[in-house]
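Undergrad: The structure under discussion is supplied below as structure tokens; questions concerning it will follow.
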């Protein structure tokens, strides 16, 4: 038997999980890589630091770098890691439910819905307040994004529903709805002032620039609440891989379980998008990478989340250093690197 | 069925096909009239006619001759081009959801043009249309390659649509990267990407016309080969078809048609997707009829969408690309909901 089959059982009362050692090892290793990448990322800024200075600045309150690290660099790095984790977890859930390795929250209308709402907000407020609305920037944009994400998902889910949910129909309806949102977004971009447009463009590309604790907290909270809940739902998720008839006969209330899990996935993706804008392909690629590394039957949830954090942080590192001193939005890097991966997946699936 | 019984039936079909063709031509003519007379300033039909035949230099004459006519002509050209390109794409990939917009050709052209404007300083449409065509070519070859992979039958509609989404997303990210570094480019790009046939002028029409004409000729030449190919590659080969040649002509035609339309008008999604579905019930599967029907329906659809965009949001206009998405996406969703995605 391959090593991937070494497993222990974890029981809490009537609940039990199977922990596969390979998955656990990869999760732990991934966390170490994530910490290293975050440290490397925190070196960059107006004042260059060494990794040692970064570590000292994080843990030593008397260090000269303490303020910069705690107020500027750590929140940004944490936002990246948490947002990546939330997106990846969301992707892992959706891929399990759609029984399709190519599905992601982008397809579910979350990110495109959020983009439209934010662009609408930026364009509308720009002309009213002359683009200096601090309140809109800190509170309004995340709220709009969250609202847009939920509306987008509701529209896609509602349109794809037809006496039950079919994974393929969901994906295709998602593509159609995304096209509408995208075109409305394009139109909104022509309506606004060019400066507002530029700000909106940065946001809709997915950026970690200038992210503070106010962006860390919502994502951290969402993860803290939703990770345990999704782990509770793993049993249903494992079962949902089979056909609806089989699932029903296994005693899972198919549509209810699916709806709850999708709701969790949508919330995770929407909160993440609210914090950092739509960072493309992390949700799609991370679960697939995790699945291959852990050699499991379907995307392992926690492992996917860690990989998501690693990917996003690595992409941010590239975005900040590739054209230094110019900084690209991280979402552009993930899209440029992620799309070929998706094509590769499609290619493999056909062979 | 004996040959003597088949002959009148065949004649009936041919008769019906010409009737449909004439009806569609009439529909395009109506759309042209609407497009010339309706707008932020309505011009009575008689005045419009006078402006075209005996111009006096009045305000109406200037509106008609310098704005409405070039806009309408461009609308017809782009509509024909995208309709035919969509039908060709769906035929070649045997995929009912194929569309130049959905499959990344539009973003390919966009990326190449923005790159040429920013990085190489291309300033006139005449220069960057070549880059747009090159970008469209690369993207359509990539999508076709993905469309054909796996040999027999190719990928399912869903994988092809996803491949297109992936290609589009990557190209769009690259385009945004360039545009974000240059605010001036963004100001041009944001109007281009919304997709419009307004304010393009007669010189744009003249510049894209040759590309579209060559594309249409290639499309017509491609029709018989495509008919054979729709029976499957093996059958087509045994019928004496040169498959590589047919595919090459198809890719060339799709590239010229969608590349030129997109270079001139920006992103116009869903024309290529919807139109063949409207044309197929009228034409059957014969591409010699499907292609012209698709072209005419495309022209009528694009012009009507443009007219709708002019009147729904006064005093401003809604770009035709946005109207098309608002019309097209519900159609797409209905298509997906109606049945399991089928292969052509």
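Undergrad: Could you check the simple spin-label distance between residue A:67 and residue B:214, using points 7 Å along Cα→Cβ, in nm with one decimal?
TA: Distance between the two pseudo-spin positions: 6.5 nm.
Undergrad: Expressed as a rounded percentage, what relative contact order does segment A:287-328 have, with Cα pairs under 8 Å and six or more residues apart? Please report the intermediate quantities before stating the final value.
TA: Numbers: 29 pairs, mean separation 12.0, N = 42.
Relative contact order comes out at 28 percent.
Undergrad: Related question: Set the Förster radius R0 to 60 Å, insert the Cβ-Cβ distance between residue B:203 and residue A:33 as r into 1/(1 + (r/R0)^6), and round the FRET efficiency to 0.05. If you can, show how the numbers build up before the last one.
TA: On the way: r = 56 Å, r/R0 = 0.94.
That pair, residue B:203 with residue A:33, gives E of 0.60.
Undergrad: Here is a follow-up. If packing is taken as the average number of other Cβ atoms within 10 Å across a peptide's residues, how do B:317-330, A:106-119, A:66-79 rank, most packed first?
TA: Working: B:317-330: 24.2, A:106-119: 29.3, A:66-79: 19.6.
Put in order of decreasing packing, that is A:106-119, B:317-330, A:66-79.
Undergrad: Work out, in µm²/s and without decimals, the Stokes-Einstein translational diffusion coefficient of segment B:31-338 at 4 °C, 1.567 mPa s, Rh from Kirkwood over C-alpha pairs.
TA: Numbers: Rh = 19.6 Å.
It comes out at roughly 66 µm²/s.
Undergrad: Let me ask something additional. Let me make sure I get this right: for segment B:192-344, a, b and c are the square roots of the gyration tensor eigenvalues over alpha carbons, sorted descending. Under 1.5 in a/c it's rounded, otherwise prolate if a/b > b/c, else oblate. Which is it?
TA: Oblate, because a/c is 1.5 or more while a/b does not exceed b/c.
Undergrad: Could I ask something else about it? What is the mean number of Cβ atoms from other protein chains located within 10 Å of the Cβ atom of each residue in peptide A:185-195, rounded to a whole number?
TA: Taking the mean over all residues of the peptide, I get 5.
Undergrad: Calculated from DSSP H runs of 4 or more alone, at -39500 (n - 2.57) each and per residue, what is the 222 nm mean residue ellipticity of chain B, nearest 500?
TA: Values: 14 runs with 264 residues, N = 344.
Rounded to the nearest 500, the figure is -26000 deg cm²/dmol.
Undergrad: Still on this model: Where Rh is the Kirkwood radius over the Cα pairs of segment B:187-263, the temperature 10 °C and the viscosity 1.306 mPa s, what D in µm²/s does Stokes-Einstein return?
TA: On the way: Rh = 14.3 Å.
Translational D for this selection: 111 µm²/s.
Undergrad: Now for a different question. Can you tell me the FRET efficiency between residue A:21 and residue B:29 if r is taken as the Cβ-Cβ distance and R0 is 56 Å, rounded to the nearest 0.05?
TA: Details: r = 73 Å, r/R0 = 1.31.
E(calc), rounded to 0.05, equals 0.15.
Undergrad: Additional query: Quick one, can you get me the convex hull of the C-alpha atoms of the protein assembly as shown expressed as volume per residue in Å³?
TA: Values: hull volume 129.2 nm³, N = 695.
It is 186 Å³ per residue.
Undergrad: Please express the Cα-Cα pair-distance distribution P(r) of segment A:159-225 as a list of whole percents, one per 5 Å bin, running from 0 to the bin with the greatest distance.
TA: In whole percents, the pair-distance histogram is 3, 13, 13, 13, 12, 19, 17, 8, 2, 0.
Undergrad: Here's a follow-up. Can you tell me how much longer the chain between residue A:295 and residue A:161 gets when fully stretched, taken as 0.36 nm per residue apart minus their C-alpha distance, in nm with one decimal? The partial results should precede the final answer.
TA: Numbers: separation 134, 0.36 × 134 = 48.24 nm, distance 3.23 nm.
Residue separation times 0.36 nm, minus the Cα-Cα distance, leaves 45.0 nm.
Undergrad: Under 8 Å for C-alpha pairs, at least 6 residues apart: give me the relative contact order for segment B:31-338, rounded to a whole percent. Walk me through the numbers before you get to the answer.
TA: On the way: 517 pairs, mean separation 94.6, N = 308.
This gives 31 percent for segment B:31-338.
Undergrad: In percent, what relative contact order does segment A:3-337 have, based on Cα pairs under 8 Å that are 6 or more apart in sequence? Display every interim value, and only then the final one.
TA: Working: 566 pairs, mean separation 99.8, N = 335.
Reported as a whole number, the value is 30 percent.
Undergrad: Here is a follow-up. With no solvent and one equal point scatterer placed on each C-alpha of segment A:3-337, evaluate the Debye formula and give log10 I(q)/I(0) for q = 0.07, 0.08, 0.14 Å⁻¹, two decimals.
TA: -0.29, -0.38, -1.10
Undergrad: More than 17 angstrom separation, counting every C-alpha pair in segment B:1-147; what % is that? Could the numbers behind the result be given before it?
TA: Numbers: 7967 of 10731 pairs.
The answer is 74 percent, as a whole percent.
Every read-out reported here was derived from the displayed coordinates using simple, explicitly stated rules and does not represent laboratory data. Quantities reported herein were computed from a predicted structural model and do not represent experimental measurements. Heads up, the Cβs are rebuilt from the backbone with ideal geometry, glycines too, and the neighbour counts pull from every protein chain shown.
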